[in-house]
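Encoded as structure tokens, the structure appears first; notes follow it.
The values are calculated or read from the model by the stated rules, or taken from the named source; none is laboratory data. This structure is a prediction, so every number in the text was calculated from the model and none was measured. Here the Cβ is made from the backbone with ideal geometry for all residues, glycine too, and neighbour counts use every protein chain on show.
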């Protein structure tokens, strides 16, 4: 069969994917043989927006590994899914509402949820279609969504178990509060930006102290100095009088009467003697460091006193400033301090890091808001905390000999190996500084926290089936449902075992622990660490044997892609122009694991040229083999060019296999490219043109050409599945087999 003159991906890719799906071979239950399981659980894309090029990179890596192991005879499962992405999705949807002149705060919760559900389902479908266009050979029959009832049931079981084990508690601690989105955020959901702000030096009883936030002085419950600071040792333990000017009578100016407030001076090592004057005010309700100081000195100073509300306005405890936004109040307070002679000086050149909401960029307001927390460092009965189990897993996964791993029983804990290895140290450093994890969010989109509160006795009642109507402690029927939802990382942190459990006990027993978790390095702490901790807690095993971290895709100048810069690459648009194979190969070709990837159109175009080269090679061979059958074994080489190409092919198979086993995908891609274009096309095919004219060499040359091409197609298939499948179909000629399930090339002795 003669190949068309040009390869047209737009005309063939959809038809080829339909053939793959119809074959049923994405489902490991339908694969021939009974090989060892090889499992990847797809990192679920957020169901709120189209796929971006980072998704394309991740799905390409995962598909390469799945296709490679499928051809190696493994029982391969790549389980797809989508994440409801709680806060992220709600932010996207609220922006949509803003454009329409609407707000969720003017909607009923049920109305909002119904609208966002429809929005998500539409985007979820579009996302799945995009994944298919990339050529992803995942098992769609096992597709899951993080809001599936079967997933929610597992999440609730984990929450209940953690409550029973004392790992979950409801605490009133200082939280990262976003005044725009009206929810708390974890430390990982905030970012820091260096800013230059005024540092105000103000009189404070017998002291002068410096602060960036004079508006929080009304919430001060103490004054702190370093215990080794000789300047202030005489004051430690003493009470001082401070003018707050928030007494009942006020001048018309608003400065007010000087009503002194008594505050105790405490000593704490956290106070930096070099900051300001070495004296700091302690505001436990509005500063995380001050909150920690208070927890160490509860017997000496009063508890937190909140003077700023959830909307970023000063409250009734601030007298004349009540109702003012923070910026407005700060300016007014500074003017009043100056008018009363309490402002000593202003340092306008003070630089410091400001914590921001990672979505809207607004300054985070530290507030004490009741939240559900997971105690990450609290020992369980076995003596290990969640953190301890994760640290142990990574240490085992790093040190255990690879050869030894292959001889250990499947149920043995092999730990978790992180690739590239440099991220292991980063992971361990972060784990050593881990704080308790706030898992509740004040949003409407997500998995509701299954708790009811008794209005009479204050009991917290876990109700995972929403059936409890009376308090089991006092029999009161005055029960209020917790309005919060789970942090999306709490549900997605259970993804590896929850997805398999949701698909049945047999799947869980067969495919857990999974083989590889492939994801971006930027969510190593957001997600990977949580999956490791929760899997050991719930299942007692590692969720995956290897973590493979890819880099971020950047533009040709290595700049971060963003809509404002106009440098975003749309993967589906690229596929429309160049085909999926060119995009896949360009993403993989030149960058090692963990390194950020510069992607330019020239690079994609270059891989389109390679696809065309492969097509032309195949077209030449098919036209010159005259119906010769594909050899099952490597033909015997006769001429020197035959011998040379046979050896180089054998070496290439060996090297590519080794690199894929070691997850050096970019090196494997380069090996195949080099052999195909240069050794095979540039050298051997040129020699073959002469040999084909020699009657004594023609038949053997045809066999070597056809056999070499078949091996090239197999080696390239995981990387460029569409074009290789199309060429394979022409070589076989009868549509009787799919390259997707052909055996991986073997090296010849």
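What the table shows:
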{"quantity": "Residue among 163, 212 that alone is more than 20 Å from residue 334 (Cα to Cα) and either surrounded by fewer than 19 Cβ atoms within 10 Å (Cβ to Cβ) or touching a strand residue (DSSP E or B) at 6+ places or on another chain (Cβ under 8 Å) (or both)", "calculated": "163"}
{"quantity": "Selection within region 21-38 - outside any loop (DSSP other than H, G, I, E, B) and closer than 16 Å to residue 503 by Cβ", "calculated": "28, 29, 30, 37"}
{"quantity": "Boolean, residue 15 is under 28 Å from residue 513 (Cβ atoms) and part of a helix (DSSP H, G or I)", "calculated": "no"}
{"quantity": "Residue within region 231-242 that is in the same structural domain as residue 326 (by TED's automatic domain parsing), touching a strand residue (DSSP E or B) at 6+ places or on another chain (Cβ under 6 Å), part of a loop (DSSP other than H, G, I, E, B) and modelled with pLDDT under 95 present", "calculated": "no"}
{"quantity": "Residues that are within 19 Å of residue 274 (Cβ to Cβ) and either in contact with a helix residue (DSSP H, G or I) (Cβ under 7 Å, 6 or more places away or on another chain) or at pLDDT below 95 (or both), drawn from region 205-224", "calculated": "224"}
{"quantity": "Residue within region 485-499 that is part of a strand (DSSP E or B), on the phi < 0 side of the Ramachandran plot and in contact (Cβ under 8 Å) with a residue 60 or more places away in the chain present", "calculated": "yes"}
{"quantity": "Selected residue (criterion: nearest to residue 547 (Cα to Cα)) from residues of region 500-515 that are in contact (Cβ under 8 Å) with a residue 40 or more places away in the chain and touching a helix residue (DSSP H, G or I) at 6+ places or on another chain (Cβ under 7 Å)", "calculated": "514"}
{"quantity": "Failed criterion for residue 194 (all others in (1) touching a helix residue (DSSP H, G or I) at 6+ places or on another chain (Cβ under 6 Å); (2) at pLDDT 95 or above hold)", "calculated": "(1)"}
{"quantity": "Residue tally, condition in a helix (DSSP H, G or I) and more than 34 Å from the chain's Cα centre (by Cα), over region 590-626", "calculated": "13"}
{"quantity": "Criterion: outside any helix (DSSP H, G or I) and farther than 22 Å from residue 137 by Cα - qualifying residue of 638, 706, 663, 649", "calculated": "638"}
{"quantity": "Among residues of region 690-703, those that are surrounded by fewer than 20 Cβ atoms within 10 Å (Cβ to Cβ) and in a helix (DSSP H, G or I), counted", "calculated": "7"}
{"quantity": "Output for region 58-85, where each listed residue is in contact with a strand residue (DSSP E or B) (Cβ under 6 Å, 6 or more places away or on another chain) and over 22 Å from residue 134 (Cβ atoms)", "calculated": "75"}
{"quantity": "Restricting region 18-48 to residues that are over 28 Å from the mean Cα position of the chain (by Cα) and buried (at least 16 other Cβ atoms within 10 Å of the Cβ), the residue that is modelled with the lowest pLDDT", "calculated": "31"}
{"quantity": "Residue in region 188-205 that is touching a residue at least 60 places away in the same chain (Cβ under 8 Å), within 28 Å of residue 81 (Cα to Cα) and in a helix (DSSP H, G or I) present", "calculated": "yes"}
{"quantity": "Selected residue (only one of 743, 737 is in a loop (DSSP other than H, G, I, E, B), under 18 Å from residue 23 (Cα atoms) and touching a residue at least 12 places away in the same chain (Cβ under 8 Å))", "calculated": "743"}
{"quantity": "Neighbours by Cβ (under 7 Å, 6+ apart or cross-chain): first from region 337-359, in the same structural domain as residue 200 (by TED's automatic domain parsing); second in a helix (DSSP H, G or I)", "calculated": "337/214; 343/334; 343/337; 358/189; 359/91"}
{"quantity": "Checklist (1) touching a residue at least 40 places away in the same chain (Cβ under 8 Å); (2) out of contact with any helix residue (DSSP H, G or I) (no Cβ under 6 Å at 6 or more places or on another chain); (3) under 15 Å from residue 719 (Cα atoms) applied to residue 581, failing item", "calculated": "(2)"}
{"quantity": "Test set (1) outside any loop (DSSP other than H, G, I, E, B); (2) more than 30 Å from residue 415 (Cα to Cα) - residue 557 fails condition number", "calculated": "(1)"}
{"quantity": "Strands (runs of 3 or more DSSP E) lying entirely in region 292-374 (those with 1 or more residues that are out of contact with any strand residue (DSSP E or B) (no Cβ under 6 Å at 6 or more places or on another chain) and over 21 Å from residue 170 (Cα atoms))", "calculated": "343-357"}
{"quantity": "Given (1) at pLDDT 95 or above; (2) surrounded by fewer than 17 Cβ atoms within 10 Å (Cβ to Cβ); (3) not in a loop (DSSP other than H, G, I, E, B), number of the condition residue 265 does not satisfy", "calculated": "(2)"}
{"quantity": "Any chance residue 399 is over 30 Å from residue 105 (Cβ atoms), exposed (fewer than 14 other Cβ atoms within 10 Å of the Cβ) and under 30 Å from the mean Cα position of the chain (by Cα)", "calculated": "yes"}
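Yes/no matrix, rows are residues, columns are (1) at pLDDT 90 or above; (2) within 30 Å of residue 521 (Cβ to Cβ); (3) crowded, with 20+ Cβ neighbours inside 10 Å:
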| position | (1), (2), (3) |
| --- | --- |
| 599 | no, yes, yes |
| 604 | yes, yes, yes |
| 619 | yes, no, no |
| 635 | yes, no, no |
| 643 | yes, no, no |
| 653 | yes, no, yes |
| 660 | yes, yes, yes |
| 669 | yes, yes, yes |
| 672 | yes, yes, yes |
